[in-house]
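Structure first, commentary second.
The values are calculated or read from the model by the stated rules, or taken from the named source; none is laboratory data. In this text the structure is predicted, and so the values were computed from the model without any measurement. For neighbour counting, all protein chains shown are included, and Cβ atoms are generated from backbone atoms with ideal geometry for every residue, glycine included. Ligands, DNA and RNA are excluded from the accessible area calculation, which covers all protein heavy atoms including side chains. Shrake-Rupley method; radii C 1.70, N 1.55, O 1.52, S 1.80 Å.
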Amino acid sequence: MRVVEEEEEEEAEVEVELMVMRGAYEKVARMASGNAVVVFSLSGCCMCHVVKRLLIGLGVGPTVYELDQMERSGGGGREIQAVLAQLLVSTSAGPAVGPASTSAVPAVFVGGKLLGGVEKVMACHINGSLVPLLKQAGALWL
């Protein structure tokens, strides 16, 4: 009898966790589609700063969500960061290597779709595909 109760309790905990994650995924999707370019960032992250400066330098006015500040104000920054980490891992071409590739931030969305982290943004900038993506999303007019 006790084993059955423990299993039911574990199942209930898993269900609650799934509901929380589903809500966090929906929140990220809603936030990411709120502007042509959305950057999820941490205020003290140097790679986040690089991505934000690049976008601003190109003439883009991204919506920036500082997840550490959201967490301090009760906005669910940790849950969002967990969702972003899963999204970035699931969209990466290969296995994660090193601390930069395992980080959930920066996470850049263009036109409501995940572009990627700092490596992907910089690669697109270098190969010339970033500006056309930004134009297509309506973030640049020239």
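Skipping prolines and chain starts, which residues have an amide H placed within reach, meaning under 5 Å, of the one on G116, given they are 5 or more residues away or on another chain? The list, which skips near neighbours in sequence, is V108. Shown in residue order for the range 39-51 are the 3J(HN,Hα) couplings computed by the Karplus curve 6.51 cos²θ - 1.76 cosθ + 1.60 at θ = phi - 60°: 10, 9, 9, 10, 4, x, 8, 5, 5, 5, 4, 4, 5 Hz (x for Gly and Pro).
Each residue of the range 24-31 was assigned a 3J(HN,Hα) from its phi angle through the Karplus expression (A = 6.51, B = -1.76, C = 1.60, θ = phi - 60°), giving 5, 4, 5, 5, 4, 4, 5, 5 Hz with x at Gly and Pro. With both labels modelled 7 Å from their Cα along Cα-to-Cβ, the A85 to A29 distance reads 2.2 nm. Note on M47: accessible area is roughly 80 Å² with a 1.4 Å probe, heavy atoms of protein only.
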